[in-house]
Amino acid sequence: MNKIFYLASCDTCRKIIKTLPKDNNLIFHDIKQDPISIEELEQMHQLSGSYQALFSKKAQLYKSMDLKNKSLTESDYKKYLLEHYTFLSRPVFIINNKIYIGNSQKNINEVLAVLK
């Protein structure tokens, strides 16, 4: 099952979604309205190889909680990802059992190529 985890209020996510082919067959999962489950996070972890890869250091909470000055472990990243949606580097696409994390142009180009 192909899925996109995104934040509906995120301008970048909205821009990316507009560029997707109309018949993309993706399941859209707004992580604010429907927080990611432990099972979903475990699947992302399995595909990406680490919780840190899924973690956004651009999040406002990352700065306000002063996490940059702490040595975070994989279990810390997991805990924060489950605690608050803003820590997920987004969007996250899972397409044909491959994961694409974040909004880099390279990443989005790969997603668009796979969806065509």
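Okay, residues lined up against (1) closer than 23 Å to LYS22 by Cβ; (2) in contact with a helix residue (DSSP H, G or I) (Cβ under 8 Å, 6 or more places away or on another chain); (3) hydroxyl-bearing (Ser, Thr, Tyr):
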| site | (1), (2), (3) |
| --- | --- |
| GLU42 | no, no, no |
| ALA53 | no, no, no |
| SER56 | no, yes, yes |
| GLN60 | no, yes, no |
| LYS78 | no, yes, no |
| HIS84 | no, yes, no |
| LEU88 | no, yes, no |
| PRO91 | yes, yes, no |
| ILE108 | yes, yes, no |
Checklist entry - Counting just the residues of segment 16-35 that are within 19 Å of ILE95 (Cβ to Cβ) and of a type in the set (D, E, K, R), which one comes out least open to solvent (accessible area, probe 1.4 Å)? => result ASP30
Checklist outcome for this item: Being surrounded by 11 or more Cβ atoms within 10 Å (Cβ to Cβ), β-branched (Val, Ile, Thr) and either within 20 Å of LEU112 (Cα to Cα) or touching a residue at least 60 places away in the same chain (Cβ under 8 Å) (or both) narrows THR12, THR73 down to just THR12
Next on the checklist: Can you go through LEU7, LEU54 and tell me which one is buried (at least 18 other Cβ atoms within 10 Å of the Cβ), within 12 Å of the chain's Cα centre (by Cα), modelled with pLDDT of 95 or more and closer than 16 Å to ILE99 by Cα?
Outcome noted: LEU54
Checklist entry - Right, SER104: free of Cβ contacts under 8 Å to residues at least 60 places away in the same chain, open to solvent by 40 Å² or more (accessible area, probe 1.4 Å) and over 26 Å from MET1 (Cβ atoms) or not? => result no
Checklist outcome for this item: Filter segment 79-88 for residues that are crowded, with 21+ Cβ neighbours inside 10 Å and not aromatic (Phe, Trp, Tyr); the one that is nearest to ASN24 (Cα to Cα) is LEU88
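Of the residues ILE16, ILE27, ILE31, ILE4, only one is among the aliphatic types (A, V, I, L, M), under 20 Å from GLU110 (Cβ atoms) and in contact with a Phe, Trp or Tyr (Cβ under 6 Å, 6 or more places away or on another chain); which?
Of the residues listed, the single one that is among the aliphatic types (A, V, I, L, M), under 20 Å from GLU110 (Cβ atoms) and in contact with a Phe, Trp or Tyr (Cβ under 6 Å, 6 or more places away or on another chain) is ILE4.
The values are calculated or read from the model by the stated rules, or taken from the named source; none is laboratory data. Owing to the predicted nature of the structure, the values given are computational and were not obtained by experimental measurement. Glycine also receives a Cβ, built like all others from the backbone with ideal geometry; neighbour counts cover every protein chain displayed. Note: accessible area is taken over every heavy atom of the protein model, side chains too, but ligands, DNA and RNA are not part of it. Shrake-Rupley method; radii C 1.70, N 1.55, O 1.52, S 1.80 Å.
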